[in-house]
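One structure is given here, and the rest of the page talks about it.
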2 protein chains.
Amino acid sequence: MYRAPVEEIVHTLTHVAGLDRLIESGLAGDLSPDLVEAILTEAGRFAAEEIAPLARIGDKEGARLRDGVVTTPPGWPELYRKWREGGWNALSAPERWGGQGLPAMLAIATLEMWNSGAMAFAIGPTLTIGAIEALERHASEELKRVYLEKLVSGEWMATMNLTEPQAGSDLGALKTRAERAPDGTYRLFGQKIFITYGEHDFTENIVHLVLARLPDAPPGTRGISLFLVPKFLVREDGTPGPRNDVFCASIEHKMGIHGSPTCTMIYGDGRFGEAPGAIGWLVGEENRGLACMFTMMNNARLAVGIQGVAVAEAACQKALAYARERRQGRAPGAKGDEMSPIVAHPDIQRTLMTMQAMTQAARAIAYSCAHAIDMARLSGGDEATHWQMRANLLTPLAKAFPTDVGVEVASLGLQVHGGMGYIEETGAAALLRDARIAPIYEGTNGIQAIDLVTRKLPQADGAHVRGFIGELRRDAEAARGANMAGLGATGARLARALDDLEEASEHLLRLLDEGETEAALAGATPYLRLFALAAGAAMLTRGALAAGDGARARLVRYLAENHLPETAALKQAVTEGAQSLLTAAGDLSEHGR
Amino acid sequence: MYRAPVEEIVHTLTHVAGLDRLIESGLAGDLSPDLVEAILTEAGRFAAEEIAPLARIGDKEGARLRDGVVTTPPGWPELYRKWREGGWNALSAPERWGGQGLPAMLAIATLEMWNSGAMAFAIGPTLTIGAIEALERHASEELKRVYLEKLVSGEWMATMNLTEPQAGSDLGALKTRAERAPDGTYRLFGQKIFITYGEHDFTENIVHLVLARLPDAPPGTRGISLFLVPKFLVREDGTPGPRNDVFCASIEHKMGIHGSPTCTMIYGDGRFGEAPGAIGWLVGEENRGLACMFTMMNNARLAVGIQGVAVAEAACQKALAYARERRQGRAPGAKGDEMSPIVAHPDIQRTLMTMQAMTQAARAIAYSCAHAIDMARLSGGDEATHWQMRANLLTPLAKAFPTDVGVEVASLGLQVHGGMGYIEETGAAALLRDARIAPIYEGTNGIQAIDLVTRKLPQADGAHVRGFIGELRRDAEAARGANMAGLGATGARLARALDDLEEASEHLLRLLDEGETEAALAGATPYLRLFALAAGAAMLTRGALAAGDGARARLVRYLAENHLPETAALKQAVTEGAQSLLTAAGDLSEHGR
């Protein structure tokens, strides 16, 4: 059973990602290390004692739809009530609307624990938190007044309606229609798919944020507007009134996160209300909806990244516990006749060390992204600009790498269980099934890699990424300078990995500069992996140096001496692999061989 | 929908794995290239038209148990009947018992296709084929006479009963008891778990091969005997008679291969028969059961490896078809306003090329293993010894690498589908769920890696592996010598990968020689991967050279320039990674940090 790794989380926040400096700078108000630990300890208790025990029933029973009504798994509505009453929904929300205004770093750290408890449960509130941020930034005062307090308290939940059957990654292709009504509201018509918690029994009202197109909108992404469409129209007194013309037509039968209802939502087919059309309110300006949605999406990308960390952490714990208990064969050097616990076999040790190292590297990157988001929001002037670029740079890394790691680590964890891992009752398979969605939604990891290469790498003509690599080099130098035997060759290996990162970065910048976009795109995925491996290892080195010679040093040494050599191969794929790919790719078309 | 890649299979058999030489040598009797193609074409038709259409219902409905009776998915018993009436079960079985006596290479190639159609279906007959081989080699004439004809025709099926709750990988720990009866038969008592097709409705009788321990047996693996225990005792006239004292107590709820009943079998609890005890017949000698079982297990290891190839192939086809159809965004250089098919995006192209290259490398290794098995069986003297060592060497590679590739490629295929991939109706998730068992059963891939390092690598004091690497070097030299522009840097990259393989091999041989077993075991998994990548690439190079400058050359060039650089990192993990692993591993124990 999951135990919240509060010490590990506090260490990563503080000594790796920069919470120490955030607190010292005074930008985080009266937040103190003690308060951080108290909050995280209590969150960890809730995740382990309240959420995790309901994960299995959530997977087994799943969410169900009957006559437009969605029932979440047994015990989940009550769990949600306890969770929001604990104030967890309001953690990072603005104080003006009842939130606690705590840094994103803390919100992300607690979010990791909710997701380790049960990813299918945690994903619902995640969307509400993103919606709060979008409304706070872009909505009218009137809308804020009606909705924000309820959303911050968690009394109502929110959804994010982007995808349509023909428009997944490509939002420019969406067709949902919004018509202006005489009273300044809008009427929405259309179908949205893959809407997470689009319908459920956690709250009495649900606030949908919906991307749609006005009749006179320009084509493509410049003609998209954002609307707020409540399930129940809100009365003057703030209570839910008549049903709006929106409903859930079906829910998906998915590989995992069974407890999370993934809904097809129908807007404006006339099932409810006086005349067809779901009543909506504009958020922000007409045709500027994408900017508003990006606020939510960036938030959601990091939130999805942390799902990867969370599932990986749960898988590490589960596999380690099993490996300590299960006995098979005799390990080298084992004494007596007894079978050894499999944790004593070097091959299993390799698996477990890889799982732990990758999980911690993923966590370091995700928390560092949260730190950049906090700094961008809390600091000012050039500093804010700098940190915004850092957040931009880290967002695709923090979405893609941890979610890939989530799948890899969950799969390795299943493997450690042997045959038992394949049996659903064990729970290891469910972690892999849950983890598998995270590299897909909120922009596939391929799209993250493209975003990294084409938009984030060229920030400030490459100066920002160069500066970041320079910072990481200081970690490598510190490791080489430190008199810490436990680090082994970490400093040297890390320096070489950062050379690879630099070479690959310069190569891609050159290609972009020369208009060789296709060749640059061909290297996007290995580049992202290379970047994350090198940066993650540098961050863990930083943490090991802060912690002194011990287990952290041994772990990062393992990572450096066993996995960092991979950066050379990834660099070669980036710098020398494009031509062979683009040459061979013709064979993939219908007219290929 | 799956289409059998008959051309690809024939090419790999003939020009990569050595079927051409086998036919030329005359060892394969009157087998001709035309006959090979005719057989494979017909098998491909059956797999695509008869098996594949029933895969989805198999996954959805699964096998069910009620009152000890197992019902396979709707249509599956009829499918099995058609399959065996087509003579497919008898393909490689001995002619003496009604088989066609064809080479293992052909059997493995058809097995790939059955598994691509529906892995959960194909796995049942696979076990029968292994049992035929074990009985043919080790059973008494009397047992052969009663059982082999029925098993060869497929009228009855067989199972393989090894695992017990406390004895998975470690067969020495098993407890099932066999007592001698006065009439020369035995009575078995005990529980076996994870018994594939332990009970089903395909055939009227089921022949269990069961490992058990005699009361006076020495401890460990030297005290294990093999017994044949039929579900129904066989009458004098060869028809099934009274029920034997064995039944299926439960079936597992698994992540995938839902159509395959995974049974807990209870022997000798007195439910059937006059007195408690399942009646069994000894196969081979007392306490020598493991040797008999190894015949089945080696066969089963390659058969599981081919499952990886099969699922990977199905995933490649599915992802490519989707990528050609699905339109999102605009690819670099796209003309007009339309969205591009995602196959035009370089990042998707990279994914698809990796999937295809890895699948073909896995197939090349698996077929080469089948070739070695054929040569060991059909040739004689020193040649047979040589090929037996080759089969020994290739078996762990052919089990582990293709099954890892199966999972990786199925996961990449799911990713290509985006959100649709996570929806069960699409079928991409089912491929991943099915594929995920293959790295586990028949000896986890970690155990394969240990087997490779500790038993196969040291064959003939390393001379055999050195000879094999020498053969692979000839492929690299041929690539360098060939005037084939399409190969790009393939020859050079391959030569470097083989250097890595050689260095890693010599390093491990040295460690074993010095008694540093733990350090050698620490590198087992990266060594296996390195070996398979280098060998697989060499084999594909061979195939590309045979085919001439074209798509095959482009594919192996992609592999060489994008993935072969990984061998350097794997070599470092083998040669320089052990110390950091063994140092850090102490932290994994209960007393660790």
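Of all residues in the stretch A:332-355, which are farther than 14 Å from B:Ser580 by Cα and part of a helix (DSSP H, G or I)?
Within the stretch A:332-355, A:Ile342, A:Val343, A:Ala344, A:Ile348, A:Met355 meet the criteria.
Rundown of residues vs (1) within 14 Å of chain A (Cβ to nearest Cβ); (2) farther than 30 Å from A:Gly333 by Cβ, yes/no style:
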| position | (1), (2) |
| --- | --- |
| B:Val465 | no, no |
| B:Leu494 | yes, yes |
| B:Glu503 | yes, no |
| B:Glu518 | yes, no |
| B:Tyr527 | yes, no |
| B:Leu545 | no, yes |
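Taking the stretch B:474-484 only, how many residues are within 20 Å of B:Ile365 (Cα to Cα) and either free of Cβ contacts under 8 Å to residues at least 60 places away in the same chain or within 26 Å of the chain's Cα centre (by Cα) (or both)?
3
Has the stretch A:296-306 got at least one residue that is more than 23 Å from A:Ile206 (Cβ to Cβ) and hydrophobic (A, V, I, L, M, F, W, C)?
Yes, the stretch A:296-306 contains at least one residue that is more than 23 Å from A:Ile206 (Cβ to Cβ) and hydrophobic (A, V, I, L, M, F, W, C).
Could you list, in sequence order, the residues of the stretch A:80-136 that are of a type in the set (S, T, N, Q) and farther than 21 Å from A:Ala376 by Cβ?
Passing the criteria: A:Asn89, A:Asn115, A:Ser116, A:Thr128.
Quickly run through the stretch B:174-200 and pick out the residues that are farther than 20 Å from B:Ile257 by Cα and either within 25 Å of the chain's Cα centre (by Cα) or buried (at least 23 other Cβ atoms within 10 Å of the Cβ) (or both).
If the condition is that a residue be farther than 20 Å from B:Ile257 by Cα and either within 25 Å of the chain's Cα centre (by Cα) or buried (at least 23 other Cβ atoms within 10 Å of the Cβ) (or both), then B:Leu174, B:Thr176, B:Ala178, B:Tyr186, B:Leu188 are the ones that fit.
Could you look through the stretch B:363-385, keep only residues that are surrounded by 24 or more Cβ atoms within 10 Å (Cβ to Cβ) and of a type in the set (D, E, K, R), and pick out the one that is farthest from B:Ser25 (Cα to Cα)?
B:Arg363
Looking at B:Pro439, B:Pro458, B:Pro396, can you tell me which residue is out of contact with any Lys or Arg (no Cβ under 8 Å at 6 or more places or on another chain) and either modelled with pLDDT under 95 or crowded, with 24+ Cβ neighbours inside 10 Å (or both)?
On inspection, the qualifying residue turns out to be B:Pro439.
Among all residue pairs at least 6 apart or on different chains, which show Cβ distances below 6 Å where the first residue, located in the stretch B:23-42, is of a type in the set (S, T, N, Q) and the second is assigned to a helix (DSSP H, G or I) and surrounded by 12 or more Cβ atoms within 10 Å (Cβ to Cβ)?
B:Thr41/B:Val6
Which one of A:Gln360, A:Gln388 is surrounded by 24 or more Cβ atoms within 10 Å (Cβ to Cβ) and either more than 24 Å from A:Ala532 (Cα to Cα) or modelled with pLDDT of 95 or more (or both)?
A:Gln360 is the lone residue from the list that is surrounded by 24 or more Cβ atoms within 10 Å (Cβ to Cβ) and either more than 24 Å from A:Ala532 (Cα to Cα) or modelled with pLDDT of 95 or more (or both).
Report, by residue number, each residue of the stretch B:134-151 that is assigned to a loop (DSSP other than H, G, I, E, B) and crowded, with 19+ Cβ neighbours inside 10 Å.
Once the filter is applied, which keeps residues that are assigned to a loop (DSSP other than H, G, I, E, B) and crowded, with 19+ Cβ neighbours inside 10 Å, the stretch B:134-151 yields only B:Ala139.
Of everything in the stretch A:68-101 that's at pLDDT 95 or above and among the hydrophobic types (A, V, I, L, M, F, W, C), which residue is nearest to A:Gly18 (Cα to Cα)?
This residue is A:Trp88.
Are any of the residues in the stretch A:11-23 touching a Lys or Arg at 6+ places or on another chain (Cβ under 6 Å) and among the small types (Gly, Ala, Ser)?
no
Within the stretch B:281-291, can one find any residue that is acidic (Asp, Glu) and either surrounded by 23 or more Cβ atoms within 10 Å (Cβ to Cβ) or more than 11 Å from chain A (Cβ to nearest Cβ) (or both)?
For the stretch B:281-291, residues acidic (Asp, Glu) and either surrounded by 23 or more Cβ atoms within 10 Å (Cβ to Cβ) or more than 11 Å from chain A (Cβ to nearest Cβ) (or both): present.
Hey, can you tell me all the residues within the stretch A:179-220 that are more than 14 Å from chain B (Cβ to nearest Cβ) and of a type in the set (A, V, I, L, M, F, W, C)?
Listed by number, the residues that qualify are A:Ala181, A:Leu188, A:Phe189, A:Phe202, A:Ile206, A:Val207, A:Leu209, A:Val210, A:Leu211, A:Ala212, A:Leu214, A:Ala217.
If you take the residues of the stretch A:232-263 that are part of a strand (DSSP E or B) and in contact with a Pro (Cβ under 9 Å, 6 or more places away or on another chain), which of them is nearest to the other protein chains (Cβ to nearest Cβ)?
Per the stated criteria, the residue is A:Ile251.
Do the conditions hold for A:Thr203, that is, is it under 26 Å from the mean Cα position of the chain (by Cα), part of a loop (DSSP other than H, G, I, E, B) and assigned by TED's automatic domain parsing to the domain that holds A:Gly270? Break it down into steps so the answer makes sense when it comes.
Details: under 26 Å from the mean Cα position of the chain (by Cα): yes; part of a loop (DSSP other than H, G, I, E, B): yes; assigned by TED's automatic domain parsing to the domain that holds A:Gly270: yes.
For A:Thr203, the condition - under 26 Å from the mean Cα position of the chain (by Cα), part of a loop (DSSP other than H, G, I, E, B) and assigned by TED's automatic domain parsing to the domain that holds A:Gly270 - is met.
Which ones in the stretch B:165-178 are of a type in the set (D, E, K, R) and more than 14 Å from every other protein chain (Cβ to nearest Cβ)?
B:Arg177, the sole residue that qualifies.
Read through the list (1) touching a residue at least 60 places away in the same chain (Cβ under 8 Å); (2) more than 14 Å from chain B (Cβ to nearest Cβ); (3) within 19 Å of A:Cys263 (Cβ to Cβ); (4) not β-branched (Val, Ile, Thr), then give the number of the only condition that A:Met160 fails.
(2)
Residues of the stretch A:321-343 being within 11 Å of chain B (Cβ to nearest Cβ) and either in contact with a Ser or Thr (Cβ under 8 Å, 6 or more places away or on another chain) or in contact (Cβ under 8 Å) with a residue 60 or more places away in the chain (or both), which ones?
Scanning the stretch A:321-343 gives A:Ala323, A:Arg324, A:Arg326, A:Arg327, A:Gln328, A:Gly329, A:Arg330, A:Ala331, A:Pro332, A:Ala334, A:Ile342, A:Val343.
Going through A:Ala131, A:Ala212, A:Ala122 one at a time, which residue ends up being touching a residue at least 40 places away in the same chain (Cβ under 8 Å), assigned to a strand (DSSP E or B) and crowded, with 24+ Cβ neighbours inside 10 Å?
Exactly one of A:Ala131, A:Ala212, A:Ala122 is touching a residue at least 40 places away in the same chain (Cβ under 8 Å), assigned to a strand (DSSP E or B) and crowded, with 24+ Cβ neighbours inside 10 Å, namely A:Ala212.
Hey, any hits in the stretch B:155-163 for a residue that's out of contact with any helix residue (DSSP H, G or I) (no Cβ under 8 Å at 6 or more places or on another chain), surrounded by fewer than 24 Cβ atoms within 10 Å (Cβ to Cβ) and more than 19 Å from B:Met297 (Cα to Cα)?
No, the stretch B:155-163 contains no residue that is out of contact with any helix residue (DSSP H, G or I) (no Cβ under 8 Å at 6 or more places or on another chain), surrounded by fewer than 24 Cβ atoms within 10 Å (Cβ to Cβ) and more than 19 Å from B:Met297 (Cα to Cα).
I need the full set of residues from the stretch A:377-426 which are under 23 Å from the mean Cα position of the chain (by Cα) and small (Gly, Ala, Ser), in order please.
Passing the criteria: A:Ala384, A:Ala391, A:Ala398, A:Ala400, A:Gly406, A:Ala410, A:Ser411, A:Gly413.
Filter the stretch A:249-275 for residues that are closer than 26 Å to A:Gly172 by Cβ and more than 24 Å from the chain's Cα centre (by Cα) and give the result.
A:Ala249, A:Ser250, A:Ile266, A:Tyr267, A:Gly268, A:Asp269
Say we look at the stretch A:570-593 and pick out the residues that are hydrophobic (A, V, I, L, M, F, W, C) and surrounded by fewer than 23 Cβ atoms within 10 Å (Cβ to Cβ); which of these is farthest from A:His507 (Cα to Cα)?
A:Leu588
Restricting to the stretch B:554-582, what's the tally of residues that are under 27 Å from the mean Cα position of the chain (by Cα), more than 7 Å from chain A (Cβ to nearest Cβ) and not β-branched (Val, Ile, Thr)?
Residues flagged as under 27 Å from the mean Cα position of the chain (by Cα), more than 7 Å from chain A (Cβ to nearest Cβ) and not β-branched (Val, Ile, Thr) within the stretch B:554-582 amount to 6.
Among the numbered conditions (1) buried (at least 24 other Cβ atoms within 10 Å of the Cβ); (2) closer than 17 Å to B:Met119 by Cβ, tell me where B:Gly427 comes up short.
So the condition that B:Gly427 fails would be (1).
The values are calculated or read from the model by the stated rules, or taken from the named source; none is laboratory data. Quick caveat: nothing in here was measured; it's all calculated off a predicted structure. We place every Cβ from the backbone using ideal geometry, glycine too, and count neighbours over all the protein chains shown.
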